[in-house]
Amino acid sequence: MIRIICGGKKNVGAFLEIIAEYEKRLRKPYEVKWEFYEEEKLMRKLAEWPFDKGSEYVICCDERGKNISSDEYSMILTGAFVGGRDVVILIGGAYGFSDLVREKADFVWSFSKLVFPHQLFRCMVVEQIYRASQIAVGGKYHHE
């Protein structure tokens with residue numbers, strides 16, 4: 001299971017259709033569950049959250065993180081699942097994450113030095129989850 005915790009409003013409009021299409025294609029353990037929080041509530045929740053390193057692999061999406069390939073991302077997700085851990089992906093609000101949250105995460109992932117609108121970024125994240133799932137099983141979706 002992959003839990004995506006987001007700051008900001010729920011998915012809307014055409015973005016919902018894109019996200020739903022990729023979610024429809026996903027199978028266990030890559031199924032996605034979304035949680036949405038107002039930005040201030042998200043920051044409070046994460047500051048108090050005791051990131052469970054035993055059962056969760058936490059990925060923090062932040063422009064200050066490490067830029068990786070889709071193949072590397074697939075290996076990260078596969079490794080977490082093989083290790084019996086659920087994956088938690090954090091998508092922050094307009095101001096990103098505190099140093100504390102980035103330090104508590106297992107991996108800080110940067111898509112780019114660019115900043116993306118939340119709705120678009122969520123589509124990109126779920127597409128990369130689908131791509132990772134296809135890489136893991138040798139599917140035809142991803143090719144180099």
Burial ranking of peptide ranges 103-111, 10-18 (average Cβ count within 10 Å, highest at the top): 103-111, 10-18
Taking H as built 1.01 Å from N, whose amide H comes closer than 5 Å to the amide H of Trp34, not counting residues under 5 places away? Ile4
In terms of the alpha carbon gyration tensor, root eigenvalues a ≥ b ≥ c, rounded if a/c is under 1.5 and otherwise prolate when a/b exceeds b/c or oblate, segment 38-97 is oblate
What order, most packed first, do the peptides 31-41, 82-92 have when packing is the mean number of other Cβ atoms within 10 Å of each residue? 82-92, 31-41
Which aspartates and glutamates, on any chain, are close to Lys140 with Cα under 18 Å apart, when same-chain ones fewer than 8 places away are left out? Glu21, Glu23, Asp71, Glu72, Glu127
Determine the calculated [θ] at 222 nm for the chain from helices alone, applying -39500 (n - 2.57) to every DSSP H run no shorter than 4 residues and normalising by the residue count; nearest 500 deg cm²/dmol. -13500 deg cm²/dmol
Which is farthest toward the positive dipole end of the chain among Gly7, Val126, Val58, measuring Cα position about the Cα centre, with Cβ charges +1 (Lys, Arg) and -1 (Asp, Glu)? Val126
Segment Ser98-Met75, extension gain: residue separation times 0.36 nm, minus the distance between their alpha carbons: 5.6 nm
Search the structure for amide H atoms under 5 Å from the amide H of Val58, placed 1.01 Å from N in the peptide plane, and list their residues when 5 or more places away or on another chain. Val88, Asp106, Phe107
So how far, in whole Å, is the C-alpha centre of segment 97-144 from the one of segment 37-86? 10
Long-range amide H partners of Gly93 with built H, under 5 Å: Gly7
Which of Leu46, Leu114, Leu77 moves the most in a Gaussian network model of the chain with Cα springs under 10 Å? Leu114
Hey, got the dipole for segment 2-137? About the Cα centre, +1 on K and R Cβ, -1 on D and E Cβ, debye to the nearest 20? 180
Using θ = phi - 60° and the Karplus curve 6.51 cos²θ - 1.76 cosθ + 1.60, what whole-Hz ³J(HN,Hα) does each residue of segment 83-97 get, with Gly and Pro shown as x? x, x, 10, 7, 9, 10, 10, 9, 10, x, x, 4, 9, x, 10
What lysines does Lys66 reach when the alpha-carbon gap must be under 22 Å and sequence neighbours fewer than 8 apart in one chain are set aside? Lys53, Lys104, Lys113
Using θ = phi - 60° and the Karplus curve 6.51 cos²θ - 1.76 cosθ + 1.60, what whole-Hz ³J(HN,Hα) does each residue of segment 125-138 get, with Gly and Pro shown as x? 5, 5, 5, 5, 5, 4, 4, 4, 5, 6, 4, 4, 9, x
What are the ³J(HN,Hα) values, in whole Hz, obtained from phi via the Karplus relation 6.51 cos²θ - 1.76 cosθ + 1.60 with θ = phi - 60°, for each residue of segment 102-110 in sequence order, with x given for Gly and Pro? 4, 5, 6, 6, 6, 8, 10, 10, 10
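Read-outs: derived from the displayed coordinates by stated rules, not from any lab. Since this is a predicted model, take the numbers as computed values, not measurements. Positions of Cβ are generated from backbone atoms using ideal geometry, with glycine treated the same way; all protein chains shown enter the neighbour counts.
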